[in-house]
Amino acid sequence: MKNILTLFRAEAYSSLNPRRMVESRSKNKGGAVNLLFGVFLVLLIIGSACFYAFTIGKALSDAGTPESLLFIFFAADALLTLITAASTGSARMFRATNMDALMSMPLTGFQIYTGKLMAFLAENYVYSAIILIPAFAAYAYYAAPSLMFILAAAALFLTVPMIPVGLGLLISALFSLFSFGGRSRTVRNFIGIALFVGFYLLLMSKSGDIMAYLIASGGGVIDAAGRYFPPLKWAMEGALLKWGPLLLFAAFAVALILLVAWLASLRFGRRVGALNASPKAKAGAVKTEAARSAFSALFRKEAAGYFSSFAYFMNTAFGPIMLVVGAVYMAATRSGAATNDAMREALAPIMMLVAVLATSTCSTAASSISIEGSRLGQLKAMPVRPRDVFAAKIALNILVCSVPALLAGVCLIAAGVVKPADGLIIIAGVLCFAVFTSVAGLLVNLRHPKLEWTNENAVVKQSASVGLTLGIGFVFSAICGAVFYLLTFKAEVGATVTLAALAGLAFVAALCASLLLKAKGEKLYNSL
Amino acid sequence: MLRIERFSKAYEKGVYAVRDLSLHIEKGDIFGFIGHNGAGKTTTIKAAAGVHGFDEGEIYIDGVSLKERPVECKRRFAYIPDNPELYTNMKGIKYLNFVADIYGVSASERAERVEKYGRMLEIYDDLGSVISSYSHGMKQKLVIISALIHSPKLLIMDEPFVGLDPRAAFTVKELMAQLVAEGGAVFFSTHVLDVAEKICNKMAIIKNGSLIACGTTAEIKGDNSLEEVFLELTE
């Protein structure tokens with residue numbers, strides 16, 4: 001146990017210490033600046049999450065089912081954590097760069113795995129806090145439970161993330177059995193993405209049932225939770241201060257984590273050896289290529305790096321994937337067939353907000369400087385202008401966001417969910433937002449890079465710049481929500497005008513970010 | 001070819017990694033840069049390669065200011081870092097194509113040079129494999145080929161012999177001599193004093209960020225071995 005805790009402390013120090021989240025330029029400015037930056041970052045993100053929690057909470061409270069808010073936020077937290085754990089678990093648990101050193105120490109596989117698992121869980125509490133604490137606060141505000149709710153909320157906060165972490169790590173451990181490098185890794189990645197898409201489609205197809213329960217009485221919500229996943233019902237009952245189910249839920253969560261740690265650490269040394277071995281060299285053809293422009297070479301480098309890493313891809317692209325899969329599902333099932341014009345008017349701005357939120361989760365540019373790591377020196381020694389380097393990184397981010405946005409827009413029009421003109425404005429608005437989030441993300445990463453990392457997930461999950469960029473995206477979408485509310489419900493203008501205003505807002509934001517990058521980017525890059 | 005004038009670099013205000021350093025590397029020079037760990041060798045080399053910016057002093061490549069026209073300067077030299085960190089997801093040949101594209105090397109020239117240097121360093125047959133399957137020495141060889149692919153006139157290298165097998169180290173020394181014979185120059189740091197003594201015509205010794213000796217190899221070592229002089233000067 002002592003060894004597990006020692007390892008946990010070391011791992012958690014490197015992943016959770018706010019001073020480790022940013023480096024280079026800011027490290028010279030001392031810990032206080034970084035600490036203040038961390039506090040600002042957390043407040044920014046929690047502020048945005050509170051906006052959503054209280055807005056949704058009010059609607060559900062008016063509908064008479066405030067506990068549905070907890071159901072939605074538990075599910076959202078579980079879904080995000082599950083995706084993260086499943087896609088990054090292998091890299092975190094088996095392929096970290098410090099694995100050689102750990103394996104040479106007198107530690108068992110269970111100790112190493114459990115120490116790392118606890119650090120991973122602790123890290124996820126930070127992310128879960130962003131989702132769950134605003135939800136608890138909004139529920140407490142609208143449902144006014146007794147003071148004992150604080151105790152129940154604390155127990156739920158500690159135990160709810162354990163289930164998706166445990167299940168996600170179990171999935172990643174199973175996948176790691178098939179990881180032997182080379183082509184099998186590509187096949188595994190495709191299977192992983194297919195499973196993710198399948199799971200998401202299943203959720204989409206069941207969403208109608210779930211929504212029906214949510215609209216129904218409070219008892220209906222709990223029944224719905226129990227029907228799909230019994231422990232979720234126990235958690236919901238725990239939130240309603242039923243201590244027996246709460247204890248049952250906590251015991252289930254802890255038992256699951258321990259079981260995963262035991263199962264995943266079986267034959268640990270062998271698995272670590274197989275996963276960290278250099279892939280067997282397959283001598284391909286040595287073929288030089290026709291000369292390309294520097295920009296083309298840089299862009300191809302960015303794209304090759306991005307699409308070759310499943311963990312990095314899933315960490316940054318799950319939002320656009322969910323967007324496009326959802327839209328294709330709507331088109332395939334002709335979801336808008338029974339929708340009238342008034343409903344289309346109401347749905348259009350909401351669809352744009354959903355697309356903006358999904359796009360804001362794609363943060364390749366916000367981690368693109370960090371991912372260079374110690375290779376940045378070689379890149380800087382090459383005869384390329386910083387603006388070419390920036391353009392390649394931004395172009396990849398825009399590509400990853402814009403293709404799904406275009407497809408989603410076309411599908412929404414084809415599904416009859418929105419009018420064609422509105423659909424085109426939605427596409428234009430989301431494209432402008434994609435430019436904004438890419439440029440802003442790059443700018444933030446230039447200011448706060450994380451060039452030293454033990455695995456590539458660290459540049460996404462443990463990076464202040466990615467967090468800040470996500471925060472900027474959430475704040476922007478919250479502003480869009482406020483504009484939508486003012487224009488639709490106060491000024492009572494039509495959907496097309498509202499959409500045009502939102503697209504205009506995104507365009508102005510993109511323009512401002514681009515001008516800022518032009519003014520500051522090169523200086524920041526040279527100072528790294 | 002490379003002129004460093006009154007170069008200073010501080011990572012923190014008032015704490016200098018290198019202070020008031022001046023060096024002049026001319027055509028035909030193989031210039032060794034020697035110093036203990038943390039003396040400021042890598043800082044100087046990274047600044048000369050345009051990796052690190054600097055506030056005090058000037059660095060000129062062929063008379064062109066690195067501060068004012070960095071891209072033009074960088075076309076004239078190649079930099080080999082101390083640690084061959086590469087894009088491991090790429091195949092070796094893809095990486096070489098990437099570097100050749102950046103330097104604008106034509107298809108025919110890159111094909112010829114890849115084959116020439118690949119065979120010299122005995123890595124040609126492995127260039128079709130992904131870099132993640134390479135050993136440290138193979139990565140180092142790949143970096144060396146990528147540095148030579150655009151026929152630079154100046155090579156700036158940080159500990160170039162680390163990780164190379166004896167045959168490859170010999171080949172690299174031959175390539176350095178060949179570059180110099182063709183009117184180029186080499187500026188490199190090393191801890192291997194025997195190598196520096198044998199192949200450098202000029203050298204400089206740096207201690208705690210300041211230059212303590214600079215001149216021809218013969219001037220610096222006199223009748224002693226380089227090891228003796230180095231130990232005495234850096235004591």
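The values are calculated or read from the model by the stated rules, or taken from the named source; none is laboratory data. Since we're looking at a predicted model, the values are computed, not measured. Using ideal geometry, Cβ is built from the backbone for each residue, glycine included, and neighbour counts are taken over all protein chains shown. Each accessible area value is taken on the protein alone, full model and side chains, heavy atoms only, with ligands, DNA and RNA left out. Shrake-Rupley method; radii C 1.70, N 1.55, O 1.52, S 1.80 Å.
Pick out, from region A:293-364, the helices (runs of 4 or more DSSP H) lying fully within it that include 1 or more residues that are of a type in the set (K, R) and open to solvent by 50 Å² or more (accessible area, probe 1.4 Å).
Details: elements: A:294-308, A:310-332, A:341-360.
Counting at least 1 such residues, we get A:294-308.
Just one of (1) surrounded by fewer than 21 Cβ atoms within 10 Å (Cβ to Cβ); (2) in contact (Cβ under 8 Å) with a residue 60 or more places away in the chain trips up A:V439, so point out which.
All conditions pass for A:V439, except number (1).
Mind checking which residues of region A:253-267 are of a type in the set (A, V, I, L, M, F, W, C) and in contact (Cβ under 8 Å) with a residue 40 or more places away in the chain?
Just the residues of region A:253-267 that are of a type in the set (A, V, I, L, M, F, W, C), to begin with: A:253-264, A:266.
Matches in region A:253-267: A:A253, A:V254, A:L256, A:I257, A:L259, A:V260, A:A261, A:W262, A:L263, A:A264, A:L266.
For region A:369-391, what are the residues that are within 13 Å of another protein chain (Cβ to nearest Cβ) and in contact with a Lys or Arg (Cβ under 7 Å, 6 or more places away or on another chain)?
Going through region A:369-391, the residues within 13 Å of another protein chain (Cβ to nearest Cβ) turn out to be A:371-389.
Once the filter is applied, which keeps residues that are within 13 Å of another protein chain (Cβ to nearest Cβ) and in contact with a Lys or Arg (Cβ under 7 Å, 6 or more places away or on another chain), region A:369-391 yields A:G377, A:A381, A:M382, A:P383.
Show the residue pairs that are 6+ apart or on different chains and have beta-carbon atoms under 9 Å apart, the first residue being within region B:1-12 and of a type in the set (S, T, N, Q), the second being open to solvent by 10 Å² or more (accessible area, probe 1.4 Å) and not in a strand (DSSP E or B).
Cβ pairs passing all conditions: B:S8/B:F54; B:S8/B:D55.
Mind checking which helices (runs of 4 or more DSSP H) fall wholly inside region B:118-235 and carry at least 2 residues that are in contact (Cβ under 8 Å) with a residue 24 or more places away in the chain and among the β-branched types (V, I, T)?
B:136-148, B:166-181, B:193-199
Quick one: would you say B:D101 is of a type outside the set (G, A, S), at the interface with chain A (Cβ under 9 Å from one of its Cβ atoms), within 23 Å of B:E174 (Cα to Cα) and crowded, with 21+ Cβ neighbours inside 10 Å? Working first, answer last.
Details: of a type outside the set (G, A, S): yes; at the interface with chain A (Cβ under 9 Å from one of its Cβ atoms): yes; within 23 Å of B:E174 (Cα to Cα): no; crowded, with 21+ Cβ neighbours inside 10 Å: yes.
Against the criterion (of a type outside the set (G, A, S), at the interface with chain A (Cβ under 9 Å from one of its Cβ atoms), within 23 Å of B:E174 (Cα to Cα) and crowded, with 21+ Cβ neighbours inside 10 Å), B:D101 does not qualify.
Based on what the data block shows, is B:G32 surrounded by 22 or more Cβ atoms within 10 Å (Cβ to Cβ), in contact (Cβ under 8 Å) with a residue 24 or more places away in the chain and not aromatic (F, W, Y)?
Numbers: surrounded by 22 or more Cβ atoms within 10 Å (Cβ to Cβ): yes; in contact (Cβ under 8 Å) with a residue 24 or more places away in the chain: yes; not aromatic (F, W, Y): yes.
Spelling it out, B:G32 is indeed surrounded by 22 or more Cβ atoms within 10 Å (Cβ to Cβ), in contact (Cβ under 8 Å) with a residue 24 or more places away in the chain and not aromatic (F, W, Y).
Anything in region A:84-113 that is closer than 30 Å to A:G198 by Cα and either of a type in the set (S, T, Y) or surrounded by fewer than 21 Cβ atoms within 10 Å (Cβ to Cβ) (or both)? List them, or say none. Show your work before the answer.
As a first pass, look at region A:84-113 and keep what is closer than 30 Å to A:G198 by Cα: A:84-96, A:113.
Residues satisfying the conditions are A:T84, A:S87, A:T88, A:S90, A:R95, A:Y113.
Would you mind listing the strands (runs of 3 or more DSSP E) fully within region B:1-105 where at least 3 residues are aromatic (F, W, Y)?
Numbers: elements: B:2-12, B:15-25, B:30-35, B:56-61, B:77-80.
Result: empty, no element qualifies.
Among the residues of region B:108-140, write down those that are away from chain A (no Cβ under 11 Å) and in contact with a helix residue (DSSP H, G or I) (Cβ under 6 Å, 6 or more places away or on another chain).
The answer is B:Y117, B:M120, B:L121.
Tally the residues that are touching a helix residue (DSSP H, G or I) at 6+ places or on another chain (Cβ under 7 Å), open to solvent by 70 Å² or more (accessible area, probe 1.4 Å) and within 14 Å of another protein chain (Cβ to nearest Cβ), restricting the search to region A:482-525.
Going through region A:482-525 one residue at a time, the tally reaches 1.
Quick check on my filter: what residues within region A:55-74 are open to solvent by 40 Å² or more (accessible area, probe 1.4 Å), in contact (Cβ under 8 Å) with a residue 12 or more places away in the chain and either over 16 Å from A:A153 (Cβ atoms) or not in a helix (DSSP H, G or I) (or both)? It would help to see each step written out before you state the result.
Pass one, region A:55-74, residues open to solvent by 40 Å² or more (accessible area, probe 1.4 Å): A:55-56, A:58-59, A:62-64, A:72.
Of the ones still in play, those that are also in contact (Cβ under 8 Å) with a residue 12 or more places away in the chain are A:55-56, A:58, A:63-64, A:72.
Within region A:55-74, A:T55, A:I56, A:K58, A:A63, A:G64 meet the criteria.
Considering (1) surrounded by fewer than 21 Cβ atoms within 10 Å (Cβ to Cβ); (2) more than 11 Å from chain A (Cβ to nearest Cβ); (3) out of contact with any His (no Cβ under 8 Å at 6 or more places or on another chain), say which one B:L155 fails and leave the rest.
All conditions are met except number (1).
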